[in-house]
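Enquirer: Below you'll find the structure I mean.
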Amino acid sequence: MIVLLYLALSLLSNAESAGILYPRASETRELISLDGLWKFALTNSTDSVRGHVDKWYQINFKAMDELDIQTMPVPASYNDIGSDSTLRDHVGPVWYQRNFFVAKSWEKQTVWIRFSSVCRAAEVWVNGESVASHDIGHLPFQAEISSVLKYGSENTITVAVDNTLTSDTVPQGSVKELPSGRVKQSYSFDFFNYAGIDRPVVLYTTPSTYIDDITVLTDIDNDNGFVNYTVIVEGSDTVTAKVSLVDKTGKEVVSDTVLNGSLFVKDANFWWPYLMDPNPGYLYSLQVQLFDDDDSLVDKYSLPVGIRTISWDSKSVKINNKPIYLRGFGRHEDSDIKGKGLDLPLIVRDYNLMKWVGANSYCTSHYPYAEEIMDLADEVGIMIIDECPAVNTDNYSDELLDNHKKSLTELIQRDKNRPGVIMWSAANEPRTQRDEAEDYYKEIVGHIKSLDTSRPVTVVNNQSPDNEYSGQFIDVASANIYTGWYSDTGDVDVIVSKVTEIARRWNKLHDIPVIVAEYGADTQEGLHILPSYVWSEEYQDVLLSKHFEAFDQLREEGFFIGEMIWNFADFKTAQSTGRVGGNKKGIFTRNRQPKASAHLLRKRYWALAQNLDDADLPDDFNEYIFGDGSVRDEL
């Protein structure tokens with residue numbers, strides 16, 4: 001086991017893109033947020049190169065009288081901030097700019113700028129000098145900018161953001177010019193192509209010798225734990241180290257003085273999912289300190305660590321040797337006005353609702369979510385199927401393959417240490433029925449396994465298991481099944497037989513566990529029709545109940561490991577006659593209020609938690625029912 005762990009640790013620590021640790025202030029590091037109100041300018045879609053030709057990155061936006069300079073909040077998607085369709089439907093570059101000060105004391109430090117996400121392609125200039133570019137949305141990038149800064153003075157940062165999707169971008173899309181002359185973006189995925197600087201921007205410092213990367217893999221042995229780690233240091237190689245594991249109370253549990261080692265934790269507190277243990281989401285802190293020859297502190301970084309194992313076979317996925325049953329959601333980063341912009345109150349509300357429902361998992365549909373969202377999953381004990389931005393992949397090419405691999409490399413590098421991440425999703429609803437998909441997904445899944453062997457790999461598939469080519473390479477089958485909605489619309493009486501047939505076929509063909517990763521029905525809040533009828537709240541309830549019946553049959557057969565409704569909450573899509581203001585399959589509205597289905601799903605998930613994990617039911621499940629004063633359990 002230890003040999004296998006060190007092999008996996010080596011793969012993770014040798015990922016192609018290192019040094020993207022989440023920025024944290026410490027005794028040796030300072031941090032400044034650049035979030036706030038930025039100046040913002042559009043380019044005309046018929047003259048999209050104007051900003052580059054005129055070198056806007058060298059011009060103060062405040063002095064550009066000939067342009068319509070707007071104010072734009074960061075972080076936020078820009079699309080819904082305006083009051084007309086020009087901004088919402090813009091295709092091509094937009095430009096952001098703001099000024100900031102850097103203290104004179106920072107001159108002796110190494111200074112970095114870090115973007116948690118820009119959607120989609122970004123170019124960054126500081127004081128007119130090019131410092132960074134990045135062409136995959138939803139993932140962080142950074143650059144060392146010490147040499148271009150003015151210390152003790154004002155600086156200017158300019159960012160060009162291009163939302164254009166092509167056949168080779170991840171995800172894919174296309175553009176065309178309409179008869180009106182407007183350029184229109186088209187894409188096949190069913191969510192709005194929000195764009196902009198949608199996650200935090202920070203400046204932070206490190207010493208000249210600093211901790212560049214940390215990789216952790218954990219193991220358990222009865223009640224004991226192992227934290228196997230690798231620390232990458234840049235700069236001087238003469239430093240000494242202290243690596244300590246600290247518990248929640250701040251007490252040091254164990255330490256060592258090597259940069260590559262294993263910490264033995266007696267009677268460890270294991271990381272458990274929500275409702276599988278009375279103390280879910282337990283996190284230690286791995287504190288790495290570097291010292292110089294005089295034993296002075298050079299650098300310090302603290303990394304949250306959850307001690308847990310993941311294992312899998314042809315029938316199950318296990319955490320800490322206990323089989324899991326996923327009860328959760330597909331989700332989106334999506335809200336009114338901010339779009340996909342980071343929204344901390346919304347994040348906390350979402351986790352409160354997930355806990356209220358009794359869910360223990362979700363898939364980051366269909367792109368990596370903000371690091372702050374992932375942090376809370378680790379703390380709460382929510383299991384994550386972590387998905388890269390490849391959705392509806394088609395028209396396979398070598399360039400697309402390279403970009404797809406790059407997105408997976410960056411995703412795994414960012415999230416490799418997270419205990420909540422239990423599975424990698426290589427793609428969502430790709431066209432795996434194409435002949436060329438066989439070689440493509442052999443390469444894609446092989447690439448993931450070259451970076452991490454500690455988690456299973458899935459592809460979220462909506463193709464027939466008998467007519468697709470990815471299933472032979474994956475560890476878990478994730479099937480999107482919309483019987484009763486996109487197929488057999490209104491025919492709820494065929495749901496049980498058809499859902500069970502598809503799931504059994506995935507298992508029989510590939511001898512792997514099966515999840516239903518999406519199922520559901522669009523539902524307009526407040527629409528009530530009896531007997532049930534499509535789009536009504538009653539129909540969503542009936543459709544869910546029939547799926548529950550199918551899932552219980554499959555679970556008894558021993559290979560079915562999870563059910564994830566589509567979707568957690570309503571979300572915005574491109575304009576379509578099949579969408580009324582967006583996709584309405586949520587059990588919550590877009591502003592996070594429950595539909596009738598939320599209460600039904602709550603009964604289902606808490607019943608599963610009670611029956612499978614021996615969880616205690618919430619107090620409000622015992623409600624007044626009969627006039628004689630007796631109480632009956634709602635379940």
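Enquirer: Only one of these is more than 30 Å from M64 (Cα to Cα), open to solvent by less than 20 Å² (accessible area, probe 1.4 Å) and part of a strand (DSSP E or B): V231, V161. Name it. So that I can check it myself, show each step before the final result.
Expert: Values: V161 fails: more than 30 Å from M64 (Cα to Cα).
That would be V231, the only listed residue that is more than 30 Å from M64 (Cα to Cα), open to solvent by less than 20 Å² (accessible area, probe 1.4 Å) and part of a strand (DSSP E or B).
Enquirer: Also, I was wondering about something else. Hey, any hits in region 386-403 for a residue that's within 30 Å of K251 (Cα to Cα) and either within 14 Å of the chain's Cα centre (by Cα) or open to solvent by less than 20 Å² (accessible area, probe 1.4 Å) (or both)?
Expert: No, region 386-403 has no match at all.
Enquirer: Conditions: (1) crowded, with 21+ Cβ neighbours inside 10 Å; (2) farther than 27 Å from K595 by Cα. Q472 meets all but one. Number of the miss?
Expert: If we test Q472 against (1) crowded, with 21+ Cβ neighbours inside 10 Å; (2) farther than 27 Å from K595 by Cα, just (1) comes out false.
Enquirer: If you don't mind, another one. Which strands (runs of 3 or more DSSP E) does region 32-120 wholly contain that include 2 or more residues that are under 30 Å from T573 (Cβ atoms)?
Expert: Passing ranges, in order: 36-42, 70-74, 93-102.
Enquirer: Given the residues S208, S244, which is the only one that is surrounded by fewer than 20 Cβ atoms within 10 Å (Cβ to Cβ), of a type outside the set (F, W, Y) and in a strand (DSSP E or B)?
Expert: S244
Enquirer: Which of (1) crowded, with 18+ Cβ neighbours inside 10 Å; (2) outside any strand (DSSP E or B); (3) among the hydroxyl-bearing types (S, T, Y) does T218 not meet, given it meets every other one?
Expert: (2)
Enquirer: Okay, next question. Could you tell me which numbered condition A268 fails, if it satisfies all but one of (1) within 20 Å of the chain's Cα centre (by Cα); (2) among the aliphatic types (A, V, I, L, M); (3) in a loop (DSSP other than H, G, I, E, B)?
Expert: Here A268 clears every test but (1).
Enquirer: So, one more: Among the residues in region 508-525, are any open to solvent by 10 Å² or more (accessible area, probe 1.4 Å), more than 23 Å from A437 (Cα to Cα) and modelled with pLDDT of 95 or more?
Expert: Checking region 508-525: at least one residue is open to solvent by 10 Å² or more (accessible area, probe 1.4 Å), more than 23 Å from A437 (Cα to Cα) and modelled with pLDDT of 95 or more.
Enquirer: Find all pairs meeting these conditions: Cβ atoms under 9 angstrom apart; at least six residues apart or on different chains; first residue within region 504-524 and without any contact (Cβ under 8 Å) to a residue 12 or more places away in the chain; second residue open to solvent by less than 60 Å² (accessible area, probe 1.4 Å).
Expert: Correct list of pairs: K508/P465.
Enquirer: Just give me the residues in region 248-271 being over 25 Å from I232 (Cβ atoms) and open to solvent by less than 40 Å² (accessible area, probe 1.4 Å), in sequence order.
Expert: The answer is A268, F270.
Enquirer: Also, I was wondering about something else. Can you tell me which of I587, I565 is in contact with a Leu (Cβ under 6 Å, 6 or more places away or on another chain) and within 22 Å of I385 (Cα to Cα)? Don't jump to the end; show me each part of the working.
Expert: Values: I565 fails: in contact with a Leu (Cβ under 6 Å, 6 or more places away or on another chain).
When all the criteria are applied, what remains is I587.
Enquirer: Moving to a separate point now. Restricting attention to strands (runs of 3 or more DSSP E) lying wholly within region 421-510, give those where 1 or more residues are farther than 30 Å from D522 by Cα and not acidic (D, E).
Expert: Filter on region 421-510 gives an empty set.
Enquirer: Further question on the same structure: Scan region 281-293 residue by residue and report those that are under 30 Å from R327 (Cβ atoms) and either surrounded by fewer than 19 Cβ atoms within 10 Å (Cβ to Cβ) or of a type in the set (A, V, I, L, M) (or both). Give the steps one after another, and end with the answer.
Expert: Going through region 281-293, the residues under 30 Å from R327 (Cβ atoms) turn out to be 281-285.
L283, S285 - these are the residues of region 281-293 that are under 30 Å from R327 (Cβ atoms) and either surrounded by fewer than 19 Cβ atoms within 10 Å (Cβ to Cβ) or of a type in the set (A, V, I, L, M) (or both).
Enquirer: Kindly establish whether D198 is surrounded by 18 or more Cβ atoms within 10 Å (Cβ to Cβ) and either charged (D, E, K, R) or under 28 Å from R431 (Cα atoms) (or both).
Expert: So D198 fits the description; yes.
Enquirer: If you don't mind, there's one more thing I want to ask. What residue, among those in region 73-98 that are more than 26 Å from the chain's Cα centre (by Cα) and among the charged types (D, E, K, R), is farthest from E154 (Cα to Cα)?
Expert: D84
Enquirer: When you scan region 339-347, do you find a residue that is surrounded by 24 or more Cβ atoms within 10 Å (Cβ to Cβ), under 15 Å from the mean Cα position of the chain (by Cα) and either of a type in the set (K, R) or in a helix (DSSP H, G or I) (or both), even just one?
Expert: Yes, that holds for at least one residue.
Enquirer: Then there's this: Looking at (1) more than 30 Å from Q109 (Cβ to Cβ); (2) modelled with pLDDT under 95, find the lone condition where D237 falls short.
Expert: Of everything listed in (1) more than 30 Å from Q109 (Cβ to Cβ); (2) modelled with pLDDT under 95, D237 misses just condition (1).
Enquirer: Out of the residues in region 575-603 meeting the condition of being open to solvent by less than 30 Å² (accessible area, probe 1.4 Å) and part of a helix (DSSP H, G or I), tell me which one is farthest from M354 (Cα to Cα).
Expert: S597
Enquirer: To continue, here is another question. What residue, among those in region 141-158 that are in a strand (DSSP E or B) and open to solvent by 20 Å² or more (accessible area, probe 1.4 Å), is nearest to V202 (Cα to Cα)?
Expert: Q142
Enquirer: Of the residues that make up region 99-115, is at least one touching a Gly at 6+ places or on another chain (Cβ under 8 Å), open to solvent by less than 20 Å² (accessible area, probe 1.4 Å) and over 17 Å from Q413 (Cβ atoms)?
Expert: Within region 99-115 (the criterion being touching a Gly at 6+ places or on another chain (Cβ under 8 Å), open to solvent by less than 20 Å² (accessible area, probe 1.4 Å) and over 17 Å from Q413 (Cβ atoms)), the answer is yes, since at least one residue qualifies.
The values are calculated or read from the model by the stated rules, or taken from the named source; none is laboratory data. Because the structure is a prediction, the values reported are computed rather than measured. Positions of Cβ are generated from backbone atoms using ideal geometry, with glycine treated the same way; all protein chains shown enter the neighbour counts. The accessibility values were calculated without ligands, DNA or RNA, using every heavy atom of the protein model including side chains. Shrake-Rupley method; radii C 1.70, N 1.55, O 1.52, S 1.80 Å.
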